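Report on the following structure.
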Amino acid sequence: MTSIDGSFSGVLCPIVTPLADGEVDEETLSSLTEFILDGGVDGLFPCGTTGEFASLAPEQRERVIGTVAEAAGDAPVIAGAAGTSVPETLRRIEEAESAGADAAAIVGPYFHTANGPEGTQRFFEAIAEESALPLYLYNIPMYVGDDVDAETVGTLAEHDAVRGMKDTSGDLSYFLSVDRHTPEEFVLMQGFDTLLVPALRMGSNGGVHALANVIPEVFAELLKSANDERGAELQREAIAPLFELCVEHGFAPATKAALVHRDVIPSDEVKPPLVELDEDAKADIADAVDRALER
């Protein structure tokens, strides 16, 4: 099993799920995994938000994780295992383990949208007690309803199974608060592409970034130059314009359109309720990709 611990420093890619007539295109998924790793990205995060996990059938999730894990070789694989109940989440973790994942990422119980810190802590603790894999918390308040309280993260970090967190709040103050409440070995990863440089400069282990699907070589260079002006330039001029388009049009559709433009995947097909982008949006994304690669 690949270890992702306090010594980890890098970028994981929440890989898209290539589709063909509604089914997982495993051949393309395998080649996409290789493209991302060859571009200098450090690991994979299948069945995340950008991977359309919420629209995949259970057997499709297993095929996605298994395909990525096989193609990833020694690179770490953290599989999304989000669920709204403890038993459902544990079942998804077991599926991820069987498929070859090294760890699992879990979110708070979404839909309720008013989870108190105590209830969220109890939810995560119940999962941690039975988890078949090391766990990474996934803070994504726009879909869950609220942040995982920083003090709660600190308490959960004391559990042997809880190794780190991906924060997609977009709130750097919150991110730094979590950093203060957790031990040095706790792996803290930034989830907002446009906050990677400031997070790295403030001690983040790295990030989990959708655009690493499309421009992995830019992220690899950024990691090497995060503390100088080149890193800030790449963040500002290459990543930010593409990220803004992803926010506007949706991460899975926009990322797939960008990958089609780069001839990495053959189709930008997405699962309902998502829809493919119109031609104007695709043209904007293609232009932003080309400009990012010229930086």
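Looking across the stretch 31-63 at every residue that is out of contact with any helix residue (DSSP H, G or I) (no Cβ under 8 Å at 6 or more places or on another chain) and part of a loop (DSSP other than H, G, I, E, B), the one that is farthest from R92 (Cα to Cα) is identified as D42. Pairs needed: first member in the stretch 44-65, in contact (Cβ under 8 Å) with a residue 40 or more places away in the chain and farther than 19 Å from E27 by Cβ; second member anywhere, surrounded by 19 or more Cβ atoms within 10 Å (Cβ to Cβ) and of a type in the set (K, R); C-beta distance under 9 Å; at least 6 residues apart or different chains. Listed by first residue and then by second, the contacts come to F45/K166; G48/K166.
How about the stretch 1-23: which of its residues are buried (at least 21 other Cβ atoms within 10 Å of the Cβ) and either at pLDDT 95 or above or of a type in the set (D, E, K, R) (or both)? Quick ask: steps written out before the conclusion?
Our first condition is that a residue be buried (at least 21 other Cβ atoms within 10 Å of the Cβ); within the stretch 1-23, this holds for 4, 11-19.
Residues satisfying the conditions are V11, L12, C13, P14, I15, V16, T17, P18, L19.
Taken over the stretch 220-234, the criterion of being more than 17 Å from G203 (Cα to Cα) and out of contact with any Gly (no Cβ under 6 Å at 6 or more places or on another chain) is satisfied by E221, E229, R230, E233, L234.
Only one of the numbered conditions (1) at pLDDT 95 or above; (2) surrounded by fewer than 19 Cβ atoms within 10 Å (Cβ to Cβ) is not met by E294, and that is (1). Filtered by the rule that a residue be charged (D, E, K, R) and part of a helix (DSSP H, G or I), the stretch 260-295 gives E279, D280, K282, D284, D287, D290, R291, E294. Residue under question is T28, and the condition is that it be assigned to a loop (DSSP other than H, G, I, E, B), crowded, with 19+ Cβ neighbours inside 10 Å and of a type outside the set (A, V, I, L, M, F, W, C); does it hold? Here the answer is no, as T28 does not meet what is asked. Looking only at residues of the stretch 194-209 that are within 16 Å of the chain's Cα centre (by Cα) and not in a loop (DSSP other than H, G, I, E, B), we find that the one that is surrounded by the fewest Cβ atoms within 10 Å (Cβ to Cβ) is T194. Picking from residues in the stretch 65-85 that are assigned to a loop (DSSP other than H, G, I, E, B) and within 20 Å of the chain's Cα centre (by Cα), the one that is surrounded by the most Cβ atoms within 10 Å (Cβ to Cβ) is A81.
Taking the stretch 175-193, which residues are assigned to a helix (DSSP H, G or I) and over 21 Å from T49 (Cα atoms)?
Of the residues in the stretch 175-193, the ones assigned to a helix (DSSP H, G or I) are 175-181, 193.
Across the stretch 175-193, the qualifying residues are L176, S177, V178, D179, R180, H181.
Note on the stretch 226-239: residues that are surrounded by fewer than 16 Cβ atoms within 10 Å (Cβ to Cβ) and either hydrophobic (A, V, I, L, M, F, W, C) or part of a loop (DSSP other than H, G, I, E, B) (or both) total 2. Return yes or no: is A257 in a helix (DSSP H, G or I) and in contact with a helix residue (DSSP H, G or I) (Cβ under 7 Å, 6 or more places away or on another chain)? Yes, satisfied.
Would the stretch 174-181 turn up any residue that is among the hydroxyl-bearing types (S, T, Y) and either within 19 Å of L90 (Cα to Cα) or buried (at least 19 other Cβ atoms within 10 Å of the Cβ) (or both)?
Step one: filter the stretch 174-181 for residues among the hydroxyl-bearing types (S, T, Y), giving 174, 177.
Cutting the leftovers down to either within 19 Å of L90 (Cα to Cα) or buried (at least 19 other Cβ atoms within 10 Å of the Cβ) (or both) gives us none.
Scanning the stretch 174-181 turns up no residue that is among the hydroxyl-bearing types (S, T, Y) and either within 19 Å of L90 (Cα to Cα) or buried (at least 19 other Cβ atoms within 10 Å of the Cβ) (or both).
Among the residues of the stretch 31-52, those that are hydrophobic (A, V, I, L, M, F, W, C) and buried (at least 22 other Cβ atoms within 10 Å of the Cβ) comprise L32, I36, V41, L44, F45, C47.
Picking from residues in the stretch 86-127 that are hydroxyl-bearing (S, T, Y) and surrounded by 20 or more Cβ atoms within 10 Å (Cβ to Cβ), the one that is modelled with the lowest pLDDT is T120. Residues of the stretch 261-295 that are in contact with a Pro (Cβ under 8 Å, 6 or more places away or on another chain) and small (G, A, S): S267, A288, A292.
The values are calculated or read from the model by the stated rules, or taken from the named source; none is laboratory data. The model shown is predicted, which means the values in this text are computed figures rather than measured ones. As a convention, Cβ positions derive from the backbone with ideal geometry for all residues, glycine included, and neighbour counts pool all protein chains shown.
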